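Read through the structure below, which is laid out as structure tokens, and then see the notes.
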Amino acid sequence: MKLVLTFTSPQKFGAVEAERLDVEAAELVLLDASGEAVLRVPAEVIQSVNPGAAARTERLRDHAPNHGRPWTDAERATLRELVSAGASMVEICERLGRSSNGIRSEMRRLGLTG
């Protein structure tokens with residue numbers, strides 16, 4: 001099984017620094033803090049490896065700092081003002097720190113789309 005590991009920042013492994021590793025593996029081995037193997041899984045039975053929702057949220061917050069956070073009344077007021085002023089989606093996203101999908105969803109909730 002080929003695994004591609006992508007790191008959030010460059011990692012050092014001895015003299016090698018990498019942002020990504022491509023690995024051919026026959027099994028996935030999980031180690032405890034002392035280095036003892038606590039689980040061995042044959043690679044052919046693994047369908048996918050998912051870092052989970054928390055990791056996805058943190059990754060999305062790199063571009064949209066308010067992703068996943070509840071909307072405030074002040075943000076809703078700013079959204080209404082920006083839409084009324086004809087601001088572009090890019091400008092609205094930057095001002096509110098949210099993704100275009102998040103903006104569109106809130107616009108629908110507020111009845112700001114046709």
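The values are calculated or read from the model by the stated rules, or taken from the named source; none is laboratory data. Quick caveat, the model's predicted, so the values are computed rather than measured. A quick note on method: Cβ atoms are made from the backbone with ideal geometry, for glycine too, and the neighbour counts reach across all protein chains shown.
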Please go through segment 33-46 and pick out each residue that is part of a loop (DSSP other than H, G, I, E, B) and either β-branched (Val, Ile, Thr) or not assigned by TED's automatic domain parsing to the domain that holds Phe7 (or both). Ile46
Every residue in segment 38-74 that is of a type in the set (A, V, I, L, M) and farther than 19 Å from Arg104 by Cβ, please. Val38, Leu39, Val41, Ala43, Val45, Ile46, Val49, Ala53, Ala54, Ala55, Ala74
How about segment 13-69: which of its residues are over 11 Å from the mean Cα position of the chain (by Cα), closer than 30 Å to Arg98 by Cα and among the polar types (S, T, N, Q)? Ser48, Asn50, Asn66
Search result, residues across segment 68-84 that are surrounded by 15 or more Cβ atoms within 10 Å (Cβ to Cβ) and within 17 Å of Thr57 (Cβ to Cβ): Gly68, Trp71
Please specify each residue of segment 1-39 satisfying the condition of being surrounded by 10 or more Cβ atoms within 10 Å (Cβ to Cβ), over 26 Å from Glu58 (Cβ atoms) and among the charged types (D, E, K, R). Glu27
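Looking at segment 72-82, is at least one residue aliphatic (A, V, I, L, M), assigned to a helix (DSSP H, G or I) and touching a helix residue (DSSP H, G or I) at 6+ places or on another chain (Cβ under 9 Å)?
Step one: filter segment 72-82 for residues aliphatic (A, V, I, L, M), giving 74, 77, 79, 82.
Now restrict to residues that are assigned to a helix (DSSP H, G or I): 74, 77, 79, 82.
With the extra rule that they be touching a helix residue (DSSP H, G or I) at 6+ places or on another chain (Cβ under 9 Å), the set shrinks to 79, 82.
Checked against the condition, which is being aliphatic (A, V, I, L, M), assigned to a helix (DSSP H, G or I) and touching a helix residue (DSSP H, G or I) at 6+ places or on another chain (Cβ under 9 Å), segment 72-82 yields at least one hit.
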When the residues of segment 85-114 are narrowed to those that are under 16 Å from Leu60 (Cβ atoms) and among the acidic types (Asp, Glu), which ends up surrounded by the most Cβ atoms within 10 Å (Cβ to Cβ)? Glu106
I need every pair where a residue in segment 85-114 that is part of a loop (DSSP other than H, G, I, E, B) has its Cβ under 6 Å from the Cβ of a residue that is of a type in the set (A, V, I, L, M) and at pLDDT 95 or above, sequence separation at least 6 or different chains. Leu112/Val83; Thr113/Met107
